[in-house]
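As structure tokens, the structure follows; a few thoughts come after it.
The values are calculated or read from the model by the stated rules, or taken from the named source; none is laboratory data. Values in this document were obtained by computation on a predicted structure and should not be read as measured data. Virtual Cβ from ideal backbone geometry, glycine too; neighbours counted across all protein chains shown. Just the protein is used for accessible areas: all its heavy atoms, side chains included, with ligands, DNA and RNA removed. Shrake-Rupley method; radii C 1.70, N 1.55, O 1.52, S 1.80 Å.
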Amino acid sequence: DAIPSADQIRITTSLKSQRGSVWTKTKSIFEYWEVEVTFRVTGRGRIGADGLAIWFTEEQGLEGPVFGAADKWNGVGIFFDSFDNDGKKNNPGVIVVGNNGKLLYDHQNDGSTQALASCQRDFRNKPYPVRVKITYYQKTLTVLINNGFTPDKEDYEFCAKVEDMVLPSQGYFGISAATGGLADDHDVLSFLTFQLTEPGKEVPTPDAEIPQKDKEKYQEEFEHFQQELDKKKEEFQKEHPDVQGQPGKTACPFFLSADDLFETVSDRELRQIFEGQNRIHLEIKQLNRQLDMILDEQRRYVSAVTDEIAKRGAGVPGQQGQVSQQEIETVVKNQEEVIRQVNEIRNSMSDALRLITGAQHPGSPAGVYETTQHFNDIKEHLHVVKRDIEHLVQRNMPSGEKVKCPDLPPFPSCLSTVHFFIFVAVQTVLFIGYIMYRSQQEAAAKKFF
């Protein structure tokens with residue numbers, strides 16, 4: 001199902017149950033090698049399937065169930081698995097699986113039982129093409145990935161490494177992909193192969209491997225295939241004039257009812273921006289609330305420490321009272337400085353919140369970096385405030401004396417038991433007397449009538 005063109009190869013289209021692969025026609029005789037692959041995996045669904053694989057095998061691959069290629073291969077496969085078959089929420093991921101030609105790939109567990117190395121990376125629907133650099137040198141296989149978030153082609157990060165790995169001395173390079181119930185477009189933009197040589201060894205000339213006749217033959221085959229592809233495009237446009245110039249639309253009404261299950265590229269970018277903006281907004285609001293609490297607590301500390309030192313200074317006559325007054329002034333100045341710093345932090349937080357809310361590109365890497373740097377500055381200021389408060393409390397308290405809470409005011413005296421019973425007895429007597437008086441009044445009224 002692979003569709004080649006002049007600038008890329010679509011290994012599989014975003015249709016169900018597709019398989020495709022591309023392989024080199026001649027064996028590579030490199031002892032040590034490095035490949036750089038640039039590809040895109042895009043789909044309208046929030047979850048994609050099945051994935052893409054990069055191969056180096058002893059024999060040229062055929063169509064099969066392992067990401068579009070045959071099982072029981074002899075060599076290594078680097079799998080970019082999109083779908084989470086085992087339900088462990090570790091996909092999309094990159095898995096390195098070696099095979100000696102006898103093992104069957106473990107699909108149900110996403111190859112975790114056979115993986116020599118792996119890393120979890122999301123390579124779907126990235127703003128820039130994803131780049132992978134695979135190096136095999138002195139029996140060590142290394143996988144580096146450029147995650148597609150930046151146009152910098154050399155911005156690679158480490159993914160996986162396998163040591164003491166023995167691969168066939170000669171083999172074919174290939175790339176394959178497959179779709180299942182869910183589907184993505186798997187496009188390969190470039191596949192560059194390099195030979196690695198040890199220092200001091202002579203590097204062979206590039207034209208020494210493929211004869212000129214074979215090169216001309218391959219070029220003729222490509223031009224012939226390109227002409228056939230152009231003819232098929234023209235025939236399709238003649239047969240379907242209603243979709244001419246509208247390659248992204250289809251007349252099939254079946255998919256219209258399922259549009260709510262998918263999202264466009266612009267919708268996805270907006271959703272990611274809004275989610276990141278919302279998280280930043282909530283974090284800043286929480287920090288603002290914490291700063292308000294710290295400011296209120298600091299003010300209480302100022303009043304409490306000032307009152308305590310004033311009481312101690314008033315109880316000591318002469319020179320000691322003057323020293324206490326100086327301590328009071330020092331503490332008050334220090335506390336005012338601390339409150340001023342907290343107010344500055346609060347103002348800077350408000351400015352950051354206003355800038356982030358009004359930013360036109362809140363999801364840009366520069367904005368994220370500035371916000372992270374601002375949070376680090378706030379954290380340092382809070383540590384300084386905490387250290388100053390602890391220093392002030394320890395300096396103003398006498399040595400060996402612990403901080404004591406203020407004494408509670410005395411509770412009012414309660415009614416004693418004897419007085420309570422006397423009060424109840426008096427109330428009872430008065431109640432009985434009132435009942436007897438009412439009874440006599442009622443009896444007199446009956447006699448009168």
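Among the conditions (1) over 26 Å from PRO4 (Cα atoms); (2) open to solvent by 90 Å² or more (accessible area, probe 1.4 Å), LYS232 misses just one, which is (1).
Yes/no per residue for (1) within 30 Å of the chain's Cα centre (by Cα); (2) in the same structural domain as TYR137 (by the TED database); (3) of a type in the set (Gly, Ala, Ser):
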position	(1), (2), (3)
THR24	no, yes, no
TYR32	no, yes, no
ALA69	no, yes, yes
ASP81	yes, yes, no
GLY87	yes, yes, yes
ILE95	yes, yes, no
ASN100	no, yes, no
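On inspection, THR57 does not qualify as loosely packed, with under 15 Cβ neighbours inside 10 Å and hydroxyl-bearing (Ser, Thr, Tyr).
Okay, residues lined up against (1) part of a helix (DSSP H, G or I); (2) modelled with pLDDT of 75 or more:
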site: PRO204; (1), (2): no, no
site: ASP207; (1), (2): yes, no
site: LYS215; (1), (2): yes, yes
site: TYR218; (1), (2): yes, yes
site: GLN226; (1), (2): yes, yes
site: ASP230; (1), (2): yes, yes
site: LYS233; (1), (2): yes, yes
site: PHE236; (1), (2): yes, yes
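Checked against (1) open to solvent by less than 30 Å² (accessible area, probe 1.4 Å); (2) at pLDDT 90 or above; (3) in contact with a Pro (Cβ under 7 Å, 6 or more places away or on another chain), ASN74 passes all but condition (1).
Looking only at region 408-430, decide whether some residue is within 30 Å of ASN334 (Cα to Cα) and either at pLDDT 60 or above or open to solvent by less than 100 Å² (accessible area, probe 1.4 Å) (or both). Yes, some residue in region 408-430 is within 30 Å of ASN334 (Cα to Cα) and either at pLDDT 60 or above or open to solvent by less than 100 Å² (accessible area, probe 1.4 Å) (or both). Within region 285-340, the set of residues being at pLDDT 75 or above, among the polar types (S, T, N, Q) and open to solvent by 70 Å² or more (accessible area, probe 1.4 Å) comprises GLN286, GLN290.
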